[in-house]
Structure formats: C-alpha cells, structure tokens
1. Collect the residues in region 136-154 that are farther than 17 Å from ASN39 by Cα and crowded, with 16+ Cβ neighbours inside 10 Å, keeping them in residue-number order.
2. Condition check: surrounded by fewer than 19 Cβ atoms within 10 Å (Cβ to Cβ) and either closer than 29 Å to LEU67 by Cβ or in contact with a Cys (Cβ under 7 Å, 6 or more places away or on another chain) (or both). Does ALA106 satisfy that?
3. Output the residues belonging to region 125-178 that are outside any strand (DSSP E or B), among the β-branched types (Val, Ile, Thr) and more than 30 Å from ASN247 (Cβ to Cβ).
4. Look at region 19-49 and say how many of its residues are in contact with a Phe, Trp or Tyr (Cβ under 7 Å, 6 or more places away or on another chain) and assigned to a loop (DSSP other than H, G, I, E, B).
5. Just checking, does region 209-220 include any residue being modelled with pLDDT under 95 and part of a loop (DSSP other than H, G, I, E, B)?
6. For region 131-142, indicate whether the set of residues that are at positive phi and at pLDDT below 95 is non-empty.
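The values are calculated or read from the model by the stated rules, or taken from the named source; none is laboratory data. Only a predicted model underlies this, so the values are computations on that prediction, with no experimental measurement involved. Note: ideal-geometry Cβ built from the backbone for every residue, glycine included; neighbour counts use all protein chains shown.
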Amino acid sequence: MLTAVGCSDNSTNNQVGNLQSEICANVNGIEALFWDIMNGVPRGDIPGGVPTINNPGGTYSHPGFPLLGFQYPAGYTPQTDTTPNAIGVNVIRNDGLVIWKRSQLAILNPVRARDVLASEINSLLAFFGGNGNNIQRICINEGNPPVNQLAPGFAAEFSNRFIRFGNVSAVITANVTFTPTGLTSIVIQKIAAPTNQFENEIMNTFLPISYQLLFTGGGERDSDGDGVPDNRDLCPNTPPGTPVNANGCPVG
C-alpha cells in the first residue's frame with residue numbers, strides 16, 4: 001500500500017537525503033522512493049505528505065473507459081492511447097521533454113514481459129531521439145510474482161528498468177499475466193524526464209498522477225468495479241458484471 005507522512009519544511013531535506021531503495025542499493029533520495037513504488041514496494045515516507053497536483057491544468061477521462069481519470073498539471077497535455085485493444089493515456093509536457101504513460105491491453109498471443117519492456121524502451125528512445133548504445137541501466141527488477149498471488153492456471157511475470165540515456169532518466173515497468181483461456185493481459189507504465197528535472201517531476205507530476213490511480217477518497221481504487229483493487233487485479237478492465245476470482249480474472 002502506498003502511504004505518506006507529513007513533515008515540516010525544515011525536515012524535508014533531511015528526510016529526502018535518508019531515503020534508500022529497498023530493492024536497489026545504488027539508488028537513494030526521491031528516485032529510490034519512486035523506483036520502489038513503481039515496483040509495488042510499500043513506502044510510508046513520502047516527503048511532504050500525500051502527493052497532489054499543485055497547479056492543476058485539467059482533468060482527463062478516458063473516452064471509452066471513464067474510470068481511467070485523473071487531474072493533471074498545467075503545462076501538460078493528455079493523449080489517449082490509440083493502440084488497438086488498449087486502454088491507456090500518455091501525459092506529455094507541452095515542451096515534449098516529459099512523459100507519463102499508463103496503458104493496459106489484452107491480446108490473444110502470448111508475449112514475454114521482457115519483450116514488452118524492450119519495445120517500450122525503443123519507443124522512448126525514438127521519442128527523445130536517444131541512442132540505444134548509450135543506455136545506462138541503473139536498476140533492473142524482473143521475475144515472477146509469488147505463486148500464492150495467482151489463481152490456479154494463471155501465470156505472470158514482470159520486467160522493470162530504471163535507465164538513463166543522454167540527459168534523460170526513465171522508469172519503465174511491464175507486467176504480463178497469462179490466463180488459462182489464452183488471453184494475455186499487459187500493463188505498462190512509463191515515465192521519463194530530463195535527469196536534472198527528474199526528482200522535481202516525480203514529486204510534482206509522476207507521483208501525484210499515479211497516486212490518483214491507486215487510491216480514491218474511499219481507499220484503494222477499483223477501476224473496473226469487479227471488487228478487486230487495481231494493485232491486486234491481474235486482469236484489469238474486466239467487462240461489467242463478469243464474475244471474477246480473487247485476482248480479478250473471469251471465472252466460469
């Protein structure tokens with residue numbers, strides 16, 4: 001669960017300096033906090049308390065899936081993901097130097113999480129005009145979730161990277177769930193910004209938007225209304241009224 005604690009202005013710098021990643025020893029500060037959260041690690045030490053949009057620019061609502069909605073900062077433009085069978089959005093700063101993306105899609109053919117991640121990294125390089133030969137891999141986290149988190153017949157894997165290339169820092173995560181029916185569910189998250197602005201964007205853009213998608217005023221968010229919170233839902237965007245198991249996947 002993502003939580004937050006308040007702190008005074010005088011103690012914020014000390015708190016930030018003491019932040020350490022729980023899964024990557026060479027990352028600290030705000031980057032450590034965000035990397036852990038993007039990897040599902042509970043953190044209760046967000047400096048300044050609950051992350052919010054300080055300078056709202058508008059509210060986005062997905063045209064085909066209104067439950068995917070959030071407030072975004074001024075100076076950014078949301079663009080609906082038009083990939084076939086995808087429900088997602090890219091939020092891009094108007095100067096084209098910062099991007100936040102979340103997308104979920106279902107396909108019939110199996111695909112590996114590492115291949116999904118590689119495709120997203122390539123698209124990010126193309127977006128920023130980067131060179132794949134100059135990628136610095138800051139942190140890598142990949143594998144399979146514990147078996148006890150999966151329903152019988154289901155399998156899942158994830159592949160996540162914290163990278164830098166040129167003057168850009170980025171975090172990309174790819175989670176893939178294989179169902180007994182042959183349907184493959186994919187969830188992609190991708191954020192990137194100039195390295196010298198990365199921590200500021202984490203606190204003012206990336207965390208506030210991501211927090212809105214994880215939680216609502218009443219607690220954990222359940223975007224598809226199937227009774228399983230998003231952070232535990234292995235089959236997002238289940239059609240309304242579909243019976244699901246404890247992992248949010250259709251049964252019967």
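1. Looking only at region 136-154, we keep the residues that are farther than 17 Å from ASN39 by Cα, and these are 136, 147-148, 150-154.
Listed by number, the residues that qualify are LEU150, ALA151, PHE154.
2. Here the answer is yes, as ALA106 does meet what is asked.
3. ILE135
4. Going through region 19-49 one residue at a time, the tally reaches 3.
5. The answer is yes; a qualifying residue exists.
6. First, the residues of region 131-142 that are at positive phi: none.
No, because not a single residue in region 131-142 is at positive phi and at pLDDT below 95.
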